[in-house]
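Take a look at the structure set out below.
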Amino acid sequence: MSLRRQFVLVFVAFSVAVSLVGGILAYRNTSGVLERQLDEKLLHVAWAAAEVGLRADELLSLRPGEEDTRTHTAVQQQLRRLQRIVDEAYIFRPDRTAVVTTRPSEEVPIGSPLGELDFYLPEIQQADVFSEATSPLFFDEEAGRYYKYAFVKLEGEQIFLAILGSADYREPLESFQRTVIVGSFISAFLAAFLAWVLATTVTRPLDRLGRVAYRIQRGRMNEAVKEERAGELRRLSRAMERMREGILRRDEQLRLMLAQVAHEIRNPLGGLELFASAAVEAMDPDERSEMLENVRSEVVALNEIIDDFLTFARPIRAEGHLHDIRQPIQEAVELVEMEMRSAGGTFTLDLPEDPLIAKADPEHVKRVVLNLVRNAAQAGTNVGVSAEVLRGEVVITVVDDGMGIPGAILDRIFEPFVTDKEQGAGLGLAIVKKVVEGNLGRVEVENRDAEPGGGAEFRVFFRGAEDIPVQ
């Protein structure tokens with residue numbers, strides 16, 4: 001089922017449920033209140049009539065054939081006056097035979113059975129015990145109306161007064177019920193319309209974004225993702241645009257990597273072929289040994305290139321526990337220090353006596369420092385490495401006295417294949433950035449002097465033991 005239809009069904013079901021449930025509850029509560037008011041009204045009328053001029057002993061003395069007596073006539077007239085506010089009134093004995101009624105005496109003489117009361121024997125028995133009772137509502141098909149009886153027992157005697165009243169409130173209540181039903185249909189229609197409009201405002205952008213995703217999946221990524229207007233959909237469209245740009249950057253990096261791999265491997269392979277041919281043709285064992293040593297050097301260089309590409313391509317899996325990183329810094333420095341001193345350079349290392357506790361993988365720290373120190377040694381003759389805790393972070397600083405980084409590439413120096421050197425794939429600093437960020441750290445660079453020759457300064461930030469964010 002489409003999202004649009006789901007919207008419509010949910011909205012319609014909700015609106016119908018709310019309107020119907022609300023209408024039913026209102027109908028029942030109102031009906032109950034009005035029925036209780038009718039009970040009170042009928043009982044009030046019955047007791048008022050019983051207390052004004054109705055003597056139970058005189059009524060019990062009436063016998064069949066005495067319909068024209070003064071007592072019977074006076075009581076009948078009194079009951080008929082009640083018809084201004086009720087429909088009928090009966091005075092009857094416990095066996096449900098008539099004594100006096102509002103009907104003509106020839107129709108209902110004294111002693112005639114009142115068959116309509118046979119349905120209300122429990123209520124009459126209740127009135128016999130508690131002096132009053134009311135019947136349930138009943139519908140008279142002939143009159144087309146609802147009615148209710150009220151029964152009261154005349155004081156001290158076995159004789160009852162019944163009052164029949166119509167439930168006039170039923171007509172407006174049923175009109176209200178019809179209004180609720182009609183209103184439910186109208187609200188369902190409006191809910192369906194609103195749901196359709198709302199679903200359309202949601203599904204159309206989703207359809208557009210779906211087509212964009214399908215276009216990206218098929219490799220057609222030159223067209224930018226248009227930004228949607230709605231809040232969540234706007235964020236989704238922006239995220240898809242960032243995804244498209246990220247894929248384009250990744251594809252560009254992949255193309256550059258493949259080209260760079262081919263270029264970087266072709267040079268050592270050419271050297272390998274040249275030295276191998278020379279070794280085959282060399283007659284002098286020393287000359288052959290020298291050629292084979294050159295082959296070995298080219299193989300080592302080729303392995304280093306391949307290692308750099310594999311390191312950059314592999315995902316970083318960092319061990320995010322607290323470690324003292326002085327030891328991996330020391331090990332990285334020792335690997336480069338001997339080569340640098342033998343070339344006439346100077347090297348300084350400044351580490352604190354207290355442990356440098358950072359949330360970083362020791363092997364990753366060693367690789368980062370090694371890459372930075374080698375870059376610094378290639379750039380200048382004097383290199384310095386220091387480390388300290390600054391505002392909850394562990395900061396490793398590597399400085400040199402070289403020419404610095406050209407301004408044209410300073411902002412892009414950590415991108416892959418960006419380098420100012422004639423040799424190398426330009427992956428060293430890209431690997432540094434990837435490894436540092438894999439440990440939830442960051443790396444910064446700046447030239448120490450605006451003029452060339454001032455050297456460069458790299459700073460690596462790792463999370464410290466206190467893990468205080470930098471402001």
Quiz item: Which value, in nm² and rounded to one decimal, describes the direction-averaged projected area of the C-alpha convex hull of segment 173-228?
Solution: 4.8 nm²
Quiz item: Mind checking Rg over Rh on segment 1-98, alpha carbons, Kirkwood formula for Rh?
Solution: 1.45
Quiz item: Hey, of [x] 145; [y] 134; [z] 308, which did the structure itself give for volume of the Cα convex hull per residue in Å³ when calculated?
Solution: [z]
Exercise. Just read off the accessible area of Phe14 with the full protein assembly in place, 1.4 Å probe, to the nearest 10 Å².
Key: 140 Å²
Self-check item: Computed FRET value (nearest 0.05) for Trp47 with Val16, which takes r as the C-beta separation and R₀ as 51 Å
Solution: 0.65
Quiz prompt | Over segment 108-167, equivalent-ellipsoid semi-axes from the Cα gyration tensor in Å | solution = 21, 15, 9
Quiz prompt | Share of carbon and sulfur in the accessible heavy-atom surface of the chain [1.4 Å probe, %] | solution = 54 percent
Self-check item: Per residue accessible area in Å² of the chain, where ligands, DNA and RNA are left out and the probe is 1.4 Å
Solution: 59 Å²
Quiz item: Roughly how many debye, to the nearest 20, is the charge dipole of the chain about its Cα centre, given +1 on each Lys and Arg Cβ, -1 on each Asp and Glu Cβ, and no other charges?
Solution: 1920 debye
Self-check item: Positive-pole candidate from Leu38, Ala17, Leu79, dipole of the chain, charges at beta carbon
Solution: Leu79
Quiz item: Rounded to the nearest 5, what is the percent of antiparallel bridges among the DSSP beta bridges in the chain?
Solution: 90 percent
Practice problem: From the P(r) of segment 322-438, can you give the percent of Cα pairs sitting at distances over 23 Å? | Solution: 31 percent
Quiz prompt | Segment Arg448-Glu223, length gained on full extension (0.36 nm per residue, minus Cα span) | solution = 76.8 nm
Self-check item: Which of Arg204, Arg215 is most accessible, then next, and so on - probe 1.4 Å
Solution: Arg204, Arg215
Practice problem: Could you order Val389, Val280, Val212, Val16 by accessible surface area, starting with the largest, using a probe radius of 1.4 Å? | Solution: Val280, Val389, Val16, Val212
Quiz item: Which FRET efficiency, nearest 0.05, do Phe176 and Ala74 yield, Cβ-Cβ r, R0 35 Å?
Solution: 0.20
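The values are calculated or read from the model by the stated rules, or taken from the named source; none is laboratory data. Since the model is a prediction, treat every value here as computed from it, not as a measurement. Neighbour counts are summed over all protein chains in view; Cβ atoms, including those assigned to glycine, are modelled from backbone coordinates with ideal geometry. SASA here: full protein model, heavy atoms, side chains in, ligands and nucleic acids out. Shrake-Rupley method; radii C 1.70, N 1.55, O 1.52, S 1.80 Å.
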